[in-house]
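Structure, as structure tokens:
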Amino acid sequence: MLTAYTADQIRAAEQALMARLPDGTLMERAAAGLAACCAAMLGRVYGARVVLLVGSGDNGGDALYAGVRLARRGAQVEAVLAGSKVHEAGLAALRQAGGRVRGIEAVDRADLVVDGLVGIGVTGALREPYAKAVARANQGPGLVVAVDVPSGVDASTGRVPGAAIQAHVTVTMGACKTGLLIDPGAGYTGRLELVDIGLGAYLPDPDVAALTDGDVADLLPEPGAESDKYRRGVVGVAAGSEEYTGAAVLAVGGALHAGAGMVRYVGTAAPVAQVRSHWPEAVITELREPSLDGVGRVQAWVLGPGLGTGDFAHELARRVLASDVPVLVDADALTLVSRDPTLLRRSAPVLITPHAGELARLMRVPRERVEASRLEHARRAAADLGVTVLLKGSTTLVAEQDRPVRVNRTGTPALATGGTGDVLAGVAGALLAQGLSCYDAGSCGAYLHGLAGRLAADGAPLVTADVAAAIPAAIRSLS
Ligand SMILES: NC(=O)C1=CN([C@@H]2O[C@H](COP(=O)(O)OP(=O)(O)OC[C@H]3O[C@@H](n4cnc5c(N)ncnc54)[C@H](OP(=O)(O)O)[C@@H]3O)[C@@H](O)[C@H]2O)[C@@H](O)CC1
Ligand SMILES: [K+]
């Protein structure tokens, strides 16, 4: 599990650790780790041109002391001092090691730019001259390594209120910061490298966490020898409509490939015909009325993809949500719920799976506000609605009250095509039916869906049906 922390949590841990160590020890450790990463990026240190962007705080200090180490190995190190003050001891050490102070034009001929403008101490949008320095470094020819956090990214939230460094690599000190995992900040981070400075024992419960292959393998249920279809979980799928038949096919496909013991599909004539021809193994009830009479037992429901938003869909949603099993609420069902919030008054668990626009509608805020502060809105929706929230996007978040928000890091831009959300709903619904909590089903579902998207795309555009088909390969790839 990759865990991440807010700036306040990091600062508290650093203070506790620093109290037990001689002055300067942590910065020395940070600089040593940073210099090693820079050397690895450069390949050959001797003769390389390294430009340090140095702000007025300790983030700049880290950059200066890393510069000292690189200068001692023969790099030509130049420091651009952007702040009103500078870490004086660090600058003196750099000068002594042969480093020079230069203007910002130095970045135009750098092999490597080390961004030490601001770290966890930033507040608000970058001021001048930092913002101009950032723009020039981003356009320059050199590789860019961010110290601790790309300057301009809020370490605690991932918000990017103005200019920000676009890093190839971010070398983060002690522990990962939340803002490096959450968009838009995650998009500025590049490859993430963690330098151990001994903070581990002083860290509290994480703010956010990202699952790894091993975590997901441990969380997924393993069908034992005695498993029958009921024990492996029966998932009900209420999706598709006369207008939208494909969503039903994709949601059922996602559920079947994610290990559901059985899928019971309910829908009207047109989607029923499609589901029947694609998935002969699905057990189908054709609906003339919005009723679940005679549908049989399920352990969880997937509700909403392509369902429509008329009276029929509303009544069917009401009946599904009146059941006493977990329900995953997606797509059109989210529209129904935002129009009629009483639908969510139930005691069994609910997992909602909105994208930013759908969450904005549910929370009655502008979409841009959700996009800019995804973490805050996912958390708030979970608390206000009393449900588990899976907020889709380039980094999908799963929020539940009093738990670290789970961030999914397996996503791929290839998945930004129509219908992939229907597959995800089926996958996560199948995991719910197999007994996973909303929190685990949502985060494992997003993880597998991302892996399957990568396998299905394999460097080329993908066909959505291939994502469902790649779920078993994604599960096999975990071990
Ligand atoms: N503590 C430790 O043990 C360890 C800490 N470590 C390192 O220290 C870093 C934290 O250092 P920090 O606390 O000095 O803050 P930091 O990120 O350098 O920024 C503060 C400066 O930024 C400025 N500034 C703020 N907002 C701004 C804006 N919008 N636009 C422009 N400027 C702005 C503000 O300037 P001022 O307003 O004072 O002019 C202030 O002086 C941390 O990320 C890690 O790299 C490691 O060595 C490990 C051990
Ligand atoms: K930085």
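The values are calculated or read from the model by the stated rules, or taken from the named source; none is laboratory data. Since the model is a prediction, treat every value here as computed from it, not as a measurement. Glycine gets a Cβ as well: all are built from the backbone with ideal geometry, and neighbour counts include every protein chain shown.
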**Asked** Considering only the range 253-265, how many residues are crowded, with 24+ Cβ neighbours inside 10 Å and either closer than 13 Å to Ala300 by Cα or outside the structural domain of Gly306 (by TED's automatic domain parsing) (or both)?
**Response** 4
**Request:** Identify the residue in the range 30-70 that is crowded, with 24+ Cβ neighbours inside 10 Å, free of Cβ contacts under 8 Å to residues at least 40 places away in the same chain and of a type in the set (Gly, Ala, Ser) and, among all such residues, is nearest to ligand 2 (Cβ to nearest atom).
**Result:** Ala31
**Asked** Conditions: (1) within 21 Å of Asp183 (Cβ to Cβ); (2) free of Cβ contacts under 8 Å to residues at least 60 places away in the same chain. Gly421 meets all but one. Number of the miss?
**Response** (2)
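Within the range 169-203, how many residues turn out to be part of a loop (DSSP other than H, G, I, E, B) and within 13 Å of ligand 2 (Cβ to nearest atom)? Steps first, please.
As a first pass, look at the range 169-203 and keep what is part of a loop (DSSP other than H, G, I, E, B): 174-175, 181-185, 190, 196-199, 203.
Now narrow it down to the ones that are within 13 Å of ligand 2 (Cβ to nearest atom): 185, 190.
Matching residues across the range 169-203 total 2.
Among helices (runs of 4 or more DSSP H) lying entirely in the range 337-429, which contain 2 or more residues that are closer than 30 Å to Val234 by Cβ? First the steps, then the outcome.
Numbers: elements: 356-363, 367-372, 374-385.
The helices (runs of 4 or more DSSP H) meeting that bar are 356-363, 374-385.
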**Message:** Scan the range 196-214 and tell me whether some residue there is surrounded by fewer than 18 Cβ atoms within 10 Å (Cβ to Cβ), more than 30 Å from Val153 (Cα to Cα) and of a type outside the set (D, E, K, R).
**Reply:** no
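Any idea how many residues of the range 63-108 are among the basic types (Lys, Arg) and in contact with a Cys (Cβ under 7 Å, 6 or more places away or on another chain)? Talk me through it step by step, then tell me what you get.
Of all residues in the range 63-108, those among the basic types (Lys, Arg) come to 69, 72-73, 85, 95, 100, 102.
Filter again for in contact with a Cys (Cβ under 7 Å, 6 or more places away or on another chain), leaving none.
Qualifying residue count for the region: 0.
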**Asked** Which number in (1) touching a strand residue (DSSP E or B) at 6+ places or on another chain (Cβ under 9 Å); (2) within 26 Å of Leu375 (Cβ to Cβ); (3) within 9 Å of ligand 2 (Cβ to nearest atom) marks the one condition that Val114 misses?
**Response** (2)
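Tell me whether the range 292-305 contains one or more residues that are of a type in the set (S, T, N, Q), at pLDDT 95 or above and within 23 Å of the chain's Cα centre (by Cα). Walk me through how you get there before you give the answer.
Of all residues in the range 292-305, those of a type in the set (S, T, N, Q) come to 299.
Adding the requirement that they be at pLDDT 95 or above leaves 299.
From what's left, within 23 Å of the chain's Cα centre (by Cα): none.
So far as the range 292-305 goes, no, none of its residues is of a type in the set (S, T, N, Q), at pLDDT 95 or above and within 23 Å of the chain's Cα centre (by Cα).
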**Message:** Residue pairs, Cβ under 6 Å, 6 or more apart or interchain, first in the range 442-461 and without any contact (Cβ under 8 Å) to a residue 60 or more places away in the chain, second surrounded by fewer than 24 Cβ atoms within 10 Å (Cβ to Cβ) and outside any loop (DSSP other than H, G, I, E, B). List them.
**Reply:** Gly453/Ala414; Leu455/Ala473; Ala456/Asp466; Ala457/Ala414
**Prompt:** So which residues in the range 218-248 are without any contact (Cβ under 8 Å) to a residue 40 or more places away in the chain and under 27 Å from the mean Cα position of the chain (by Cα)?
**Reply:** Asp218, Glu222
